[in-house]
Amino acid sequence: MHEQNSETTDDVYIGTILLEPNRWGRPKTPTYRVSDWLGRFEQAGFDGMELWQYHATLAGADETAALEASPVPVAVYSTYCDFDDASEPDRLAAARTARRLAARGVKFNIGRDPALRDQYVRNLRHWAGLFDDGVRLLCECHGGTIVERPDEAARLFDEIGRDRFKVIVHCFGRDVDLLREWFRHFGAAVTHSHVALRDGQRSARLRSDPAHVREVLTVMRGEGYAGSFTLEFTEGTGSPDESIDGLWRAALEDLHFLRECLESA
């Protein structure tokens, strides 16, 4: 068992991407104002939000100002900046926005091209220096990137320096052994989880497979996990009849079920 992480204790955030039907569109123009939902986020009992970058950067100055004054903290700012040399302006802009919104954490993805690995390492190390020490820098070691496997990610962060970076897992994926591998390589550096359950090709509510959800949380507890969770996707995500109200209802049910499971795990 790994030493327990004390940074967070089962905080659950709402991912603003969950409610955004244009999450995979081109261009990624937001279809709703997050500021209009802050009261509902607060009333539902979310501990904060993981803010989709474009809900700030493509929504206008007045929306950014409203988010800056939000009663619901930006627990994680989810940025999509790249780490090749050509993307420096985007990285600097992401850091400025995260600081303006007083984000407690910043989610990032490392690039896809193994030939650019040296650039990624150099630029990520520099970018980390733009943030206060208390800001969690959270690597979403996503499929299709050069760190999608735990061993690959471990080699990269050994080279950069592990102290400054934390790792996100997609906790309710079907490969529980892979989840254990992330903990084997990173231990207490795994501090954040993206919550999304799949039923075949469709997103599903957590309550649709309670045995799997409870198994995963038991494994995470056994590894000493005391990190945070973001509801990223839920039933209805990407479906032909997707609606923001339906996604919100499903997210509330997932929130309640996740808290229930965490209390008993």
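Taken over the stretch 189-209, the criterion of being part of a loop (DSSP other than H, G, I, E, B) and at pLDDT below 95 is satisfied by G200, Q201.
Residue pairs whose Cβ atoms lie under 7 Å apart, separated by 6 or more positions or on different chains, with the first residue in the stretch 242-254 and touching a residue at least 24 places away in the same chain (Cβ under 8 Å) and the second assigned to a helix (DSSP H, G or I), are I244/L19; L247/L18; L247/L19; W248/L19; A251/L18; L252/A44; E253/R207; D254/L206. The condition of being surrounded by 13 or more Cβ atoms within 10 Å (Cβ to Cβ) and either among the small types (G, A, S) or at negative phi (or both) holds for only one of A115, A95, that being A95.
Taking the stretch 45-160 as the region of interest, the helices (runs of 4 or more DSSP H) fully inside it that hold 3 or more residues being more than 22 Å from W24 (Cβ to Cβ) and of a type in the set (A, V, I, L, M, F, W, C) are 61-68, 88-100, 117-128, 150-160. Just to be sure I understand the filter: pairs with C-beta atoms under 8 Å, separated by 6 or more residues or on different chains, first member in the stretch 107-136 and without any contact (Cβ under 8 Å) to a residue 60 or more places away in the chain and closer than 24 Å to E232 by Cα, second member outside any helix (DSSP H, G or I) and acidic (D, E). Which pairs pass? So the pair list comes out as F108/E140; N109/E140; G111/D82; G111/D84. Contact map, the stretch 21-38: first residue under 16 Å from F233 (Cα atoms), second residue small (G, A, S) and surrounded by fewer than 17 Cβ atoms within 10 Å (Cβ to Cβ), Cβ cut-off under 9 Å, separation 6 or more or different chains; pairs are P21/G238; P21/S243; R23/G238; W24/G238.
Could you please give the count of residues in the stretch 150-169 that are closer than 20 Å to V216 by Cβ and either at pLDDT below 95 or hydrophobic (A, V, I, L, M, F, W, C) (or both)? First the steps, then the outcome.
As a first pass, look at the stretch 150-169 and keep what is closer than 20 Å to V216 by Cβ: 150, 153, 166-169.
Next cut, either at pLDDT below 95 or hydrophobic (A, V, I, L, M, F, W, C) (or both) only: 153, 167-169.
Residues in the stretch 150-169 being closer than 20 Å to V216 by Cβ and either at pLDDT below 95 or hydrophobic (A, V, I, L, M, F, W, C) (or both): 4 in total.
Residue check: G25 meets all listed conditions (1) surrounded by fewer than 18 Cβ atoms within 10 Å (Cβ to Cβ); (2) out of contact with any helix residue (DSSP H, G or I) (no Cβ under 6 Å at 6 or more places or on another chain); (3) within 25 Å of T9 (Cα to Cα) but one, namely (3).
Here's the yes/no breakdown for (1) closer than 25 Å to G111 by Cβ; (2) touching a residue at least 40 places away in the same chain (Cβ under 8 Å); (3) in contact with a Gly (Cβ under 8 Å, 6 or more places away or on another chain):
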position	(1), (2), (3)
E159	yes, no, no
R174	no, no, no
D177	no, no, no
T191	yes, yes, yes
G200	no, no, no
S203	no, no, yes
S208	no, no, no
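Just a yes or no: is a residue in the stretch 59-75 farther than 27 Å from V195 by Cβ and crowded, with 17+ Cβ neighbours inside 10 Å? Looking through the stretch 59-75, none of the residues is farther than 27 Å from V195 by Cβ and crowded, with 17+ Cβ neighbours inside 10 Å. Selection of the stretch 210-241 for residues being assigned to a helix (DSSP H, G or I) and touching a residue at least 40 places away in the same chain (Cβ under 8 Å) yields P210, H212, V213, R214, V216, L217, T218, V219, M220, R221, G222.
The values are calculated or read from the model by the stated rules, or taken from the named source; none is laboratory data. Predicted model, so just to flag it, every value in this text is computed and none were measured. When we count neighbours, we look across all protein chains shown, and the Cβ atoms used for this are built from the backbone with ideal geometry, even at glycine.
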